[in-house]
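Coordinate-derived values only; no laboratory data. Just so it is clear, the structure is predicted and the values come from calculations on it, not from any experiment. Here the Cβ is made from the backbone with ideal geometry for all residues, glycine too, and neighbour counts use every protein chain on show.
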Amino acid sequence: MIINHPLLGPRDAQEFVYLGDAALMNRPDGLTASLQEMHDYAYLRDNPAGLHRELWYHEQGDRSWLVVTRNTVTHEITAVELARDVARAQGRSK
Amino acid sequence: MRYSGWRILKEALTGHKGWTAAWRDPEPQPAYDYIIVGGGGHGLATAYYLAKEFKQARIAVLEKGYLGGGNVGRNTTIIRSNYLLDGNEPFYEFSLKLWEGLEQDFNYNAMVSQRGILNLIHTDGQRDAFTRRGNSMILHGADAEYLTRDQIRQMYPFLNFDNARFPIKGGLAQRRGGTVRHDAVAWGYARGADMRGVDLIQNCEVTGMRIEGGRILGVETSRGFIGAKKVGVAVAGSSSRVMAHAGMRLPMESHVLQAFVSEGLKPLIDGVMTFGAGHFYVSQSDKGGLVFGGDIDGYNSYAQRGNLPVIEDVAEGGMALMPMIGRARLLRTWGGIMDMSMDGSPIIDKTHIDGLYFNGGWCYGGFKATPASGWCFAHLLATDTPHKTATAYRFDRFLKGLMIDEKGQGNTPNLH
């Protein structure tokens with residue numbers, strides 16, 4: 001698979017480390033979240049067949065975190081964003 | 001029809017006109033007592049033991065495609081019970097014992113071959129870990145044996161014993177482990193279930209679940225609604241998709257695991273062997289092909305095919321262990337979809353919906369578990385209590401901190 005890095009252009013997926021569902025960016029606040037909320041965050045996944053937004057880390061490159069939109073049935077990648085931009089669009093880390 | 005040597009003789013003398021279909025192709029009834037979703041190894045084994053051991057009537061198995069067309073037809077056929085943890089080892093040892101009597105039990109030749117499995121040791125730390133695992137296996141009633149370098153050299157003189165990075169220092173052997181003809185397992189269970197009145201319904205995809213007041217009433221399928229008192233789901237690989245019909249999110253991701261077969265070679269490896277310094281395992285089929293595999297691809301996937309980097313990685317593992325296979329050509333590769341759970345261990349449990357039961361999360365170790373998985377799931381469906389070897393396989397173990405994490409990797413499904 002080729003991941004079209006927003007800054008570096010097309011890169012081989014082998015340069016990246018895969019983490020999982022991009023929802024992992026939205027960790028509940030550990031001081032106020034309930035046990036159930038933390039459990040759901042840490043252990044439960046949507047695991048869709050089809051479009052999946054997921055986190056890839058460019059370890060062998062510029063060490064950026066990316067949010068990649070990929071089809072889990074065909075492996076086709078349709079969008080690549082910097083995770084930083086996604087987080088900022090959600091109003092985090094202004 | 002009972003299969004036997006006499007039957008073959010009789011048919012040979014009468015022109016083979018007496019053979020009948022191994023199972024019926026029935027139309028679905030409006031309702032059943034038990035519906036098993038998934039006509040793979042685990043689903044068929046569940047139906048078989050439910051009918052045979054727990055004497056339950058009116059059972060149907062619903063299969064989206066054809067029987068045994070999923071992971072039971074796509075694996076590397078290894079059976080073993082070499083686990084460390086208390087939650088796992090008794091279950092897998094129960095499974096190995098069932099394998100040992102399986103062919104007589106269901107009257108079908110599944111080619112169960114206890115040719116032994118050998119896990120190679122490459123460092124002193126690994127020797128300690130494997131010795132501990134071997135001791136744990138023995139304490140749970142399984143067999144385990146530490147082999148020295150010289151003993152292994154007698155078995156497999158062609159291994160690269162003095163590899164500069166990964167010298168072979170010994171091995172942990174389980175001589176009762178081995179291989180089984182994987183398709184025949186599905187066929188044997190299917191035939192045994194059918195003979196006991198189970199309806200095996202193929203080309204019947206579950207498209208929804210009818211749930212009212214916290215109780216399941218039946219399933220919507222591509223062949224209409226089918227009512228049921230109890231529904232058991234055993235669809236590993238597609239667990240999240242099917243359980244989404246009940247509004248459930250599961251502690252697992254689906255990943256693709258590739259497997260490989262070389263061209264046919266002269267007899268070379270008489271058992272199963274695993275490389276301890278990378279992820280590579282190999283056995284040789286009766287047709288002569290080396291059957292081998294390694295890591296999952298590592299990203300969520302429902303495509304039954306993987307990518308080239310993992311093929312390269314597996315080939316490198318093989319070359320490090322036995323350099324001469326570089327001359328052998330690869331005949332086939334394929335992929336199967338695994339439920340990768342959050343601790344690398346399976347789930348056999350009730351759900352919060354009355355009458356809905358779940359069996360899945362087998363990661364890439366589901367084949368060896370087939371008989372015990374079927375037995376324990378049948379036990380749960382029939383009695384509403386977990387079988388004594390499967391008490392740890394609960395949904396709530398993540399909430400309670402009771403994970404069964406053989407590799408100690410935490411909630412990273414692609415590393416288990």
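Using only the alpha carbons of the protein assembly as shown, what is the convex hull's orientation-averaged projected area in square nanometres?
Reported value for the Cα convex hull: 26.9 nm².
Which whole-number percent gives the relative contact order of chain A, counting Cα pairs below 8 Å spaced six or more residues apart?
26 percent
Given +1 on the Cβ of Lys and Arg, -1 on the Cβ of Asp and Glu, and no further charges, what dipole in debye does region A:2-89 carry about its Cα centre, rounded to the nearest 20?
Magnitude of the dipole: close to 100 debye.
Evaluate the distance, in nm, between pseudo-label points positioned 7 Å from the Cα of A:Leu31 and of B:Asp33 along their respective Cα→Cβ axes.
Rounded to a tenth, the inter-label distance reads 5.8 nm.
Please compute one quarter of the surface area of the Cα convex hull for chain A and express it in square nanometres.
Orientation-averaged projected area of the Cα hull: 6.8 nm².
Checking the cross-link filter: which lysines have an alpha carbon closer than 18 Å to that of B:Lys388, excluding same-chain neighbours under 8 positions apart?
B:Lys97, B:Lys350
What does the convex hull of the Cα atoms come to per residue for chain B, in Å³?
With only Cα atoms used, chain B gives 146 Å³ per residue.
If each residue of separation counts as 0.36 nm, what is the full-extension length gain between B:Asn160 and B:Leu308 once their alpha-carbon separation is subtracted?
50.8 nm
Please sort B:356-365, B:377-386, B:84-93 by packing, taking for each peptide the average over its residues of neighbouring beta carbons within 10 angstrom, highest first.
B:356-365, B:84-93, B:377-386
For the residue pair B:Thr14 and A:Arg63, what label-to-label distance in nm results when each label sits 7 Å from Cα along the Cα-to-beta-carbon direction?
Between B:Thr14 and A:Arg63, the label points sit 7.8 nm apart.
Within the P(r) computed for region B:138-229, what percentage of the Cα pairs occupies the region above 24 Å?
Above the 24 Å cut-off, region B:138-229 has 60 percent of its Cα pairs.
Given a Förster distance of 22 angstrom, what is the FRET efficiency for B:Ala129 paired with A:Val17, based on the Cβ-Cβ distance and rounded to 0.05?
0.30
R0 = 35 Å: FRET efficiency of B:Trp334 with B:Thr383, Cβ-based, nearest 0.05?
My answer for the efficiency is 0.40.
For A:11-19, what's the mean count of beta carbons from other chains sitting within 10 Å of each residue's beta carbon?
Per residue, the number of nearby Cβ atoms from other chains is 3 on average.
How shielded is B:258-264 by partner chains, expressed as the average number of their Cβ atoms within 10 Å of its Cβ atoms?
0
Per residue of B:401-412, how many C-beta atoms from partner chains lie within 10 Å of its own C-beta, taken as a mean?
That average works out to 1.
All other residues with a Cβ under 12 Å from the Cβ of B:Ala303 taken together, and with Lys, Arg as +1 and Asp, Glu as -1, what is their net charge?
Within the 12 Å Cβ shell, the charges total 0.
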